[in-house]
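These notes are about the structure you will find just below.
The values are calculated or read from the model by the stated rules, or taken from the named source; none is laboratory data. Computed from a prediction, not measured in an experiment: that's the story for all the values here. Here the Cβ positions follow ideal geometry from the backbone for every residue, glycine too, while neighbour counts run over all protein chains shown.
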Amino acid sequence: MSVNLRRLARNQPCLIRVPIVCNGNPDTVVLCHIRMIELSGTGIKAPDVFATFGCSACHAVCDGQQKSEYSYSERRLMLLEGMVRTQLWLLDQGILSFEPEKPCRPKKLSKLVARRLPGSKSFG
C-alpha cells in the first residue's frame, strides 16, 4: 500500500513547532521537505519520507522565505526534529514500517585464522 504523504499532511498538527512563530493551524499544514545535497536540488524535491508536517508559518521560516532571529543551523535542526516527530507519528499510525535487520553473527574465529602457518607443522 502506498500512502500519499503530501495529502496526509493536510489537517495534521505542525510538527516543526518553531517557538513564537508556529501558528498551530492544521488548515495550513503541508509536507515540508528537508533539503540535502544529493537528495534534492533545483527542481528536485527530496523523497517524501525526508519531510515533516509543518504549518505555513514554520515552513516559511525554516525555508528562509520569512526572516527570523533563527540561524540557518537552528532552522535546519528544527526541520530535522520535525522530521523525526513525523516519522515517529507515521510509525505509530502503522503508515511507515520497517523490518529490523537480523543481528550479524561473526564467523567463528577458527574459520578466520589459519590452523598452521605455511611451511610449519604447528604454531609452536
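Brief remarks on what is shown
- Per-region count, region 11-38, residues in contact with a helix residue (DSSP H, G or I) (Cβ under 8 Å, 6 or more places away or on another chain) and basic (Lys, Arg): 1
- Only one of the numbered conditions (1) over 16 Å from the mean Cα position of the chain (by Cα); (2) modelled with pLDDT of 95 or more; (3) β-branched (Val, Ile, Thr) is violated by ILE16, and that is (1).
- Scan of region 25-45 for residues that are part of a loop (DSSP other than H, G, I, E, B), at pLDDT 85 or above and surrounded by fewer than 16 Cβ atoms within 10 Å (Cβ to Cβ), ordered by number: ASN25
- Contacts under 7 angstrom Cβ, first residue in region 85-103 being within 21 Å of HIS33 (Cβ to Cβ), partner aliphatic (A, V, I, L, M) and surrounded by fewer than 15 Cβ atoms within 10 Å (Cβ to Cβ), 6 or more apart: ILE95/VAL3
- Inclusion of CYS22 among residues that are in a helix (DSSP H, G or I) and of a type outside the set (D, E, K, R) is not warranted.
- Of the helices (runs of 4 or more DSSP H) lying entirely inside region 55-124, not one carries at least 3 residues that are aromatic (Phe, Trp, Tyr) and modelled with pLDDT under 70.
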